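Colleague: Submitted below is the structure of interest, expressed as structure tokens.
The values are calculated or read from the model by the stated rules, or taken from the named source; none is laboratory data. Just so it is clear, the structure is predicted and the values come from calculations on it, not from any experiment. Please note: Cβ atoms are built from the backbone with ideal geometry, for glycine as well, and neighbour counts cover all protein chains shown. Side chains included, ligands, DNA and RNA excluded: accessible areas come from the protein's heavy atoms. Shrake-Rupley method; radii C 1.70, N 1.55, O 1.52, S 1.80 Å.
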Amino acid sequence: MVERMTLILDAFEGRSARLGLEDVARRTRLPRSTTHRILDQLVRLRWLERTSFGYGLGQRVLGIGGRDGSYAEIRSVAAPLLHELQMRTGMVVHLAVLDGTDVYYLDKVGGRFAASVPSRVGGRAPAHSTALGKAMLAWLAPEAVEDRLGGAVARLTERTIGDLSTLHQELNRIRRRHGLAFERGECAAGISCVAAAVRGPEEPLASVSLVGDRRAPLEKVAPLVVDATRRAAQELFPPGGRRTRPVAEAPEETWSPEAMDRLLADTGRGAWL
């Protein structure tokens, strides 16, 4: 069994590789039924993950940032961007990834408000209740969202989305806002957030959020979050397949108030914006 599991894992040539059942069976020369059974076991144990594009290496193998499960690469790339966001806004900054039905916090850069934000590095929160999670879920296929969350859409506060139908509507609004996700009191009362995903070639890798109290000017700082995630994606997946310049040298994208108004006007102010 160990030899067969190793054969299957070795069939994936990189973190972005996506293989279907037939591809894995052909590469490993294992019977299709055996391959399917082992793939299911590896998905359950998080050595692999199932996506709309096929099977890919899971978080226990890659940790998105490397084979030590520490998310080293994404944390390294994001670190200067998180620091810059905190310095420019004075708000709390989060970096997180999807892990099952939760977001898993990789980093937290605090300001004076940090002690009031109930999050910690290594902690978790239900993905559907956070701007971080919704920003990543919005770029998954609806079927993948349902497979991932199943019935795990419960209310934490009176403002939390409590059913899959409403969640799909919210994710559609996020896509229409080009990836901007907002949260006001959904995960914890009195806390508001804006987030955007760091998108890879096929799916979201992580997300970054700015966090404040319920009066925080999220719409004004939203462009900074979008710019940070764009720069992180360019650093992780540069044109030509190699890093060509430090992330700090990436050109800054600025949005006028008029452009931001047009972006947010796509959906109006729903209950979760």
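Yes/no matrix, rows are residues, columns are (1) among the charged types (D, E, K, R); (2) modelled with pLDDT under 85; (3) open to solvent by 20 Å² or more (accessible area, probe 1.4 Å):
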residue: 7; (1), (2), (3): no, no, yes
residue: 12; (1), (2), (3): no, yes, no
residue: 15; (1), (2), (3): yes, yes, yes
residue: 21; (1), (2), (3): no, no, yes
residue: 28; (1), (2), (3): no, no, no
residue: 36; (1), (2), (3): no, no, yes
residue: 45; (1), (2), (3): no, yes, yes
residue: 53; (1), (2), (3): no, yes, yes
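Colleague: Another question, if that's okay. Checking the condition modelled with pLDDT under 85 and open to solvent by less than 20 Å² (accessible area, probe 1.4 Å), which residue from 259, 250 passes?
Modeller: Just a single option satisfies the conditions, and that option is 250.
Colleague: Of the residues that sit in segment 206-221 and are among the small types (Gly, Ala, Ser) and part of a strand (DSSP E or B), which one is farthest from residue 191 (Cα to Cα)?
Modeller: Among residues in segment 206-221 that are among the small types (Gly, Ala, Ser) and part of a strand (DSSP E or B), the one farthest from residue 191 (Cα to Cα) is 206.
Colleague: Can you pull out every residue in segment 128-154 that is under 25 Å from residue 201 (Cα atoms) and open to solvent by 40 Å² or more (accessible area, probe 1.4 Å)?
Modeller: 139, 142, 143, 146, 147, 148
Colleague: Given the conditions (1) in a helix (DSSP H, G or I); (2) at pLDDT 90 or above; (3) closer than 19 Å to residue 236 by Cα, which single one is not true for residue 97?
Modeller: Residue 97 satisfies all of (1) in a helix (DSSP H, G or I); (2) at pLDDT 90 or above; (3) closer than 19 Å to residue 236 by Cα except (1).
Colleague: Name every residue in segment 105-144 that is of a type in the set (Val, Ile, Thr) and at pLDDT below 90, in order of residue number.
Modeller: The answer is 109, 117, 121.
Colleague: Working only within segment 72-127, note down all residues that are farther than 25 Å from residue 190 by Cβ, surrounded by fewer than 19 Cβ atoms within 10 Å (Cβ to Cβ) and without any contact (Cβ under 8 Å) to a residue 60 or more places away in the chain.
Modeller: 72, 76, 79, 83, 99, 100
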